[in-house]
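Q: Dumping the structure here so I can ask a few things about it.
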Amino acid sequence: MTAIELDSVTKRFEDVTAVDGISLAVEPGEFLVLVGPSGCGKSTTLRMIAGLETVSDGSLEIGGERVNGVEPKDRDVAMVFQNYALFPHMTAERNMTFGADAARDISESELSKRAAEGAEMLGIEDLLDRKPAALSGGERQRVAIGRALVREPSVFLMDEPLSNLDAKLRIQMRTELASLHRRLQTTTVYVTHDQTEAMTLGDRVAVMNDGHAEQVAPPQELYDRPATRFVAEFIGEPAMNVFPVEVRGDAVVHDTGLEVPIAAGEMALKGDIDAADLGVRPEDIDIAPLDDASAGTCTATAEVTVTEPLGDSLLVHCQLGDETVQVSTTPRAAFDPGERVVLTVDADRSHLFDRETGEAVYHAPNTAVGSSEDRTQRADAVAPGAGGEEIQ
Amino acid sequence: MAVEDSSITSESATVGLPDTLWVHLSLVVSIVLMGAPLLLALLMSTQSTAQIYDVTNLAPGGHALENYQSALFEYDLARYIVNSFVMSIIVVVGKVSLSLLAALAIVYYDFPYKDAIFAFVLLTLLLPVPVRIVPLFELMADLGWANSMLAITGPYIASATAVFLFRQHFLSIPSSLVETARLDGVGPIEFLVDVLVPMSRGMIAGVSVITFVYAWNQYLWPLIVVSDQQKQVVQVGISYLQSASQAGQTQWGLIMAGSILALSVPLVVLVALHRPLLETFALQQK
């Protein structure tokens, strides 16, 4: 039995479709992250699971029961909000127990026991008597998480819970959330726009765009075998380079003469298409000064425009024909703007995307990860109304 | 206020002394002008009738105790003050409770024609009690409420202003707080009592002050609907003092003593709760 199942769930606000037929299954104990740019429908999806938004179309199940019209309080879910949503006039402890106290038949002693346990787990035992105004951002978010813990729900819903924290605290809380989930094993749906959070926290990550899920897969697989160009460019920092190429037999060729071989039989270009988009990650391109590089396959000359030292690596922006290509190389490598360089693309780490639909049509064989093939969920919402492809 | 203002202007005092002088002078004049009626009333309440009719006599007289005692007990002002106090408290409690419930419904419930209903509530601002006096009097007579506490409090319980203020305040409370409560299954009344009321304390205090002063100052409606002098309120009580005369001369000392007594209660309330009142109107200064 799945913990949460969305089947072609759609949300329309008057004439705007916020969520467009999304299908997802969350396994019990799983940590699923919904990630995507602003306005992609990830928060709306979460709010539909919580019951704070109605479902316009499709079916939503929690714990095997259809909950489309069920009140939020009867769904056995607890939510953590971005702005913490703490009651300013209540102490941290009261904030943690208020909801559970108001709605459920839980004895005082049980409540305070749960609050104490939650506080201990989150390291806020000493703060229980304080009001939110006397707490820092991180402490407030801990109290908000503590409130969800006290409820002991079957599902945690988290709506960008770390977005209001500063960078350092965010990383710390991220680790704490991960270990908390490991301890509790409670099914969690987590919304964020931050791909690092998504990659580090999620058992699986659903990349959302424009109201539908582009790909639902474990983090590494998203990175290694992105199902669409959108996923390829969204996941990974710096973003994957994508530029148009021509398909010629067993190779793709760029205007500048860059030629990348394609493993025979792997390509799934539909029909007689001879144009596609080549995707290569910045770290999968080698950069070398023009004079000591030998020309060969997968190479092209380019001009350095900007260099960005990132400490652990150097990001070099190059002009390759009409394209700007980002290359990640070893730190302290000496490249100057204006310098002519030779770029070598790692053919074993390249991807091809359909220029029309953006769907991946080819991943170099070496990009495969384990048996991930059968775990990949490709949401079919790219073509709405094409009939719900059943997702495991 | 004038004293506080001087601290602001004093920065430039060394440069433009004449300027600040003018500012201070005009402030003093305007304060004296505004305070004059009150000060005169205070002064006259200590004088005998003869001293008052001697217009140039501005020295405090020795009849304060006599005037106040007579107003309070001989002319029953003490009873009227108690009546007014009870009336005002009932109006405050009733108005605040009803308006909180109305604002709760308007902000947190979805029902058809919600905005139209709110607009209709606001429309009642166009029909204050004095405009409705005749039909209201008939209604009170039909209900058998005439000459009772119900008659002088009931018509004041509904308030568009208070509903509006509470609505605006509720709208400023983050929706995630409401959603948290919904997810936890906190009932509406519980939410109102445990969350909204504590979070609206300042606003409630502000509305209470305004309402208290407003109710305290009601004159026309109690005058019409209450015929039993025992049940009358203080503002009407003052007019009773007017009928007292000494050798054909109105006893202004007595009337002024009554007026000072009548305004002292709302003054105390106002001073005690001036901070939330200013917050209500977002006028709080640093």
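The numbers here are math on the coordinates, done by the rules we state, and not lab data. Everything numeric here is computed off the predicted structure, so don't read it as measured data. Glycine gets a Cβ as well: all are built from the backbone with ideal geometry, and neighbour counts include every protein chain shown.
Q: 5 Å is the cut-off here: which amide hydrogens, built 1.01 Å from N in the peptide plane, fall below it relative to residue A:20, excluding neighbours closer than 5 in sequence?
A: A:11, A:212
Q: For the pair residue A:89 and residue A:286, how long in nm is the line joining their label points, each one 7 Å along Cα→Cβ?
A: 7.0
Q: Which of A:324, A:307 has the fewest other C-beta atoms within 10 Å, and how do the rest follow up to the most?
A: Working: A:324 14, A:307 18.
Least crowded to most crowded, the residues run A:324, A:307.
Q: Can you list residues from other chains, or at least 5 along the same chain, whose modelled amide H is less than 5 Å from the amide H of residue A:130?
A: Under 5 Å from the amide H of residue A:130: A:92, A:93.
Q: Between the helical axis of A:92-103 and the dominant principal axis of chain A, each derived from Cα atoms, what acute angle in degrees is found, rounded to the nearest 10?
A: Once rounded, one gets 70 degrees.
Q: What is the fewest-to-most order of B:210, B:224, B:117 by other Cβ atoms lying within 10 Å of their Cβ? Show your work: numbers first, answer last.
A: Working: B:210 21, B:224 18, B:117 14.
Arranged by neighbour count, lowest to highest, B:210, B:224, B:117 become B:117, B:224, B:210.
Q: When the convex hull of the Cα atoms of the protein assembly as shown is projected onto a plane and the area is averaged over all directions, what value comes out in nm²? Could the numbers behind the result be given before it?
A: Numbers: hull surface 187.4 nm².
Orientation-averaged projected area of the Cα hull: 46.9 nm².
Q: Also, quick follow-up: What whole-number distance in Å separates the alpha-carbon centres of the stretch A:46-80 and the stretch B:263-277?
A: 50
Q: Follow-up. Quick query: amide H of residue A:275 versus all other amide H atoms, modeled in the peptide plane; which residues come in under 5 Å with a sequence gap of 5 or more or a different chain?
A: A:247
Q: So, one more: In debye to the nearest 20, how big a dipole does the protein assembly as shown give about its Cα centre with +1 on each Lys and Arg Cβ and -1 on each Asp and Glu Cβ? Walk me through the numbers on the way to the answer.
A: Values: 44 positive and 87 negative charges, 861 e Å.
Taking the Cα centre of the protein assembly as shown as origin, the dipole is about 4140 debye.
Q: Of the options B:163, B:198, B:23, report the single residue whose Cα projects farthest towards the positive end of the charge dipole of chain B (beta-carbon charges: Lys, Arg +1; Asp, Glu -1).
A: Toward the positive end, the furthest listed residue is B:163.
Q: Compute the Cα gyration tensor for chain B, then decide on rounded, prolate or oblate, letting a ≥ b ≥ c be the square roots of its eigenvalues: rounded whenever a/c is under 1.5, prolate when a/b is larger than b/c in the other cases, and oblate in all that remain. Don't skip to the end; give the middle numbers.
A: Details: a/c = 2.72, a/b = 1.29, b/c = 2.11.
Judged from the Cα gyration tensor, chain B comes out oblate (a/c at least 1.5, b/c at or above a/b).
Q: Just the Kirkwood number for chain A, please: inverse of mean 1/r across all distinct Cα pairs, in Å, one decimal.
A: Values: mean 1/r = 0.0433 Å⁻¹.
About 23.1 Å for chain A.
Q: Could I ask something else about it? Using only Cα atoms and rounding to the nearest 10 degrees, what angle (0 to 90) does helix B:252-272 make with the longest principal axis of chain B?
A: 30
Q: Positive end of the dipole of the protein assembly as shown, charges at C-beta (+1 Lys, Arg; -1 Asp, Glu), about the Cα centre: which of B:67, A:79, A:253 has its Cα farthest in that direction?
A: B:67
Q: To test your reading of the geometry: what angle, between 0 and 90 degrees and rounded to tens, separates the Cα axis of helix B:17-44 from the longest principal axis of chain B?
A: Long axis of B:17-44 versus the principal axis of chain B: about 80 degrees.
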